[in-house]
Amino acid sequence: MLDCYKIKLFFKYIFSYAQRERMFRNTLRVVIASLLLVSSVLLAQDGMSFNAASGDKEDAYNDMVNEKLESIGFVLSDPHEQINEAYSQKYSQEKDYEETLDNLGFFPVSNDVALRPLLMKEPRLGAFSPFNLHIYKYKNEDVTHVGHLSPTVILDIVGAKDKDVRTDFIKMFEPLDTLVNAEIGGKREVFTFKKLPKKILMEFELKFERPDELLDFIEGFQEKFEGAFEENKYIIAGYKNFSEVYADREEDFSRYDTYFVYSVCHFYFSYKVFNYGNAQAGAFAPCSMYMYVEKDSNVMHIGMAYLENWISVAGIKDAEQIKSIRAIDKDMIRIMQALGAKLK
């Protein structure tokens, strides 16, 4: 017969082993979950940030952009304020219309002095030059949001690799953020994302027979460009000629014979995104399209960020909005190809 004491020891060992195994498995699960959480946090990037301030900050914002921006080297161009009121006037008769916004404003800004040497090295920065110092406020909350895209995500979208360009571009935003903190206040609100889409910057080349006066070609192309986009229900929301800016300042911009940026917007598309839950995506708007011809060249380089970036960076989940974003990307390409530009 088996000794009772030995039997007890045997079962005690079995139960102790099973308990240790369960503890090990549970501990392993916790460790794995923690590692996944840490890796998720590490992989997340800041896509855009806002000062979320209690109350209606429109007056403080207007005073800031009109009276104080220039003191830190920034200039405002082609502002579009209270776009939500235009939405109301234009679309309030639609069956599914809902007025969700108290304020929506696009205020393109740039620091032309700091930007010049950066554009000389990295012309693709024109895809966000100027960029929108965005303001929005929903009706159902007493909070005003003021902010912009992360300079790092801008650099990543345009493919800027030069370390000095990246350092100086990021540094350019510091006085602006300091000003917004002082004038708007509130808490910092950050939209993070995991990764950019595969297609981030649409780039075109347009070869042309160079005339004796380059301006003849430029003016002719601009007329066709504006006409084509307006015919397809886009709005030319802004225009900035950096070549003229630096010529007037008598500053070197000799890499280019011409360099200018258009801002374009499809109003109904923007309404269906910004008025329906994703006003933060307005930080991307209006879309900037840079165009330049390098010195003595016969090729115009054209580029803008794919709207596909909005989906990840702004955290857009709505299926219909995602569908319309991708449709706009295709439409932009179609229009540019009809103008003779070749997608790279």
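The values are calculated or read from the model by the stated rules, or taken from the named source; none is laboratory data. Worth saying up front: this structure is predicted, and the values here are computed from it rather than measured. Here the Cβ positions follow ideal geometry from the backbone for every residue, glycine too, while neighbour counts run over all protein chains shown.
Can you run down the residue pairs with Cβ atoms below 6 Å, 6 or more apart or on separate chains, where the first is in segment 173-190 and at positive phi and the partner is surrounded by 14 or more Cβ atoms within 10 Å (Cβ to Cβ)?
These pairs meet every condition: Gly185/Ala53; Gly186/Asn51; Gly186/Ala52; Gly186/Ala53.
From the set of residues in segment 237-278 that are touching a strand residue (DSSP E or B) at 6+ places or on another chain (Cβ under 6 Å) and aliphatic (A, V, I, L, M), which is farthest from Pro123 (Cα to Cα)?
Going through the qualifying residues, I end up with Ala237.
Looking only at segment 330-339, how many residues end up being in contact with a Lys or Arg (Cβ under 8 Å, 6 or more places away or on another chain) and either surrounded by fewer than 15 Cβ atoms within 10 Å (Cβ to Cβ) or closer than 17 Å to Ser288 by Cα (or both)? Break it down stepwise before answering.
Quick first cut of segment 330-339, residues in contact with a Lys or Arg (Cβ under 8 Å, 6 or more places away or on another chain) only: 339.
Now restrict to residues that are either surrounded by fewer than 15 Cβ atoms within 10 Å (Cβ to Cβ) or closer than 17 Å to Ser288 by Cα (or both): none.
So the count comes out to 0.
Can you tell me how many residues within segment 238-248 are in contact (Cβ under 8 Å) with a residue 40 or more places away in the chain and surrounded by fewer than 17 Cβ atoms within 10 Å (Cβ to Cβ)?
Residues of segment 238-248 in contact (Cβ under 8 Å) with a residue 40 or more places away in the chain: 238-240, 242, 245-246.
Those still in the list that are surrounded by fewer than 17 Cβ atoms within 10 Å (Cβ to Cβ) too: 239.
So the count comes out to 1.
Out of curiosity, is Ser243 part of a helix (DSSP H, G or I), assigned by TED's automatic domain parsing to the domain that holds Tyr292, touching a Ser or Thr at 6+ places or on another chain (Cβ under 6 Å) and under 27 Å from Arg116 (Cβ atoms)? Even if it seems obvious, please write down each step before you answer.
Numbers: part of a helix (DSSP H, G or I): yes; assigned by TED's automatic domain parsing to the domain that holds Tyr292: yes; touching a Ser or Thr at 6+ places or on another chain (Cβ under 6 Å): yes; under 27 Å from Arg116 (Cβ atoms): yes.
So Ser243 fits the description; yes.
Among the residues of segment 298-319, count how many are in contact (Cβ under 8 Å) with a residue 60 or more places away in the chain and surrounded by fewer than 17 Cβ atoms within 10 Å (Cβ to Cβ). Break it down into steps so the answer makes sense when it comes.
Looking only at segment 298-319, we keep the residues that are in contact (Cβ under 8 Å) with a residue 60 or more places away in the chain, and these are 298-306, 308-309, 311-315.
Of the ones still in play, those that are also surrounded by fewer than 17 Cβ atoms within 10 Å (Cβ to Cβ) are 298-299, 315.
The qualifying residues number 3.
Report, by residue number, each residue of segment 145-163 that is more than 19 Å from the chain's Cα centre (by Cα) and in contact (Cβ under 8 Å) with a residue 40 or more places away in the chain. Break it down into steps so the answer makes sense when it comes.
Here is the first cut: in segment 145-163, the ones more than 19 Å from the chain's Cα centre (by Cα) are 162-163.
Asp162 - this is the single residue of segment 145-163 that is more than 19 Å from the chain's Cα centre (by Cα) and in contact (Cβ under 8 Å) with a residue 40 or more places away in the chain.
Could you check segment 288-344 and list, in sequence order, the residues that are part of a strand (DSSP E or B) and within 19 Å of the chain's Cα centre (by Cα)? Before the answer, list the steps.
The first filter runs over segment 288-344 and keeps only residues part of a strand (DSSP E or B), leaving 288-294, 299-305, 342-343.
Passing the criteria: Ser288, Met289, Tyr290, Met291, Ile302, Gly303, Met304, Ala305.
List every residue pair whose Cβ atoms sit under 6 Å apart, with the two residues 6 or more apart in sequence or on different chains, where the first one lies in segment 208-237 and is outside any helix (DSSP H, G or I) and the second, anywhere, is loosely packed, with under 15 Cβ neighbours inside 10 Å.
Phe208/Asn298; Arg210/Asn298
State which residue is farthest from Tyr239 (Cα to Cα) when the search covers only segment 131-150 and only residues that are surrounded by 24 or more Cβ atoms within 10 Å (Cβ to Cβ) and among the hydroxyl-bearing types (Ser, Thr, Tyr).
Checking each candidate, the answer is Thr144.
Testing Arg116 on (1) crowded, with 16+ Cβ neighbours inside 10 Å; (2) without any contact (Cβ under 8 Å) to a residue 24 or more places away in the chain; (3) farther than 26 Å from Ala53 by Cα, one condition comes back false. Which one is that?
It is condition (2) that Arg116 fails.
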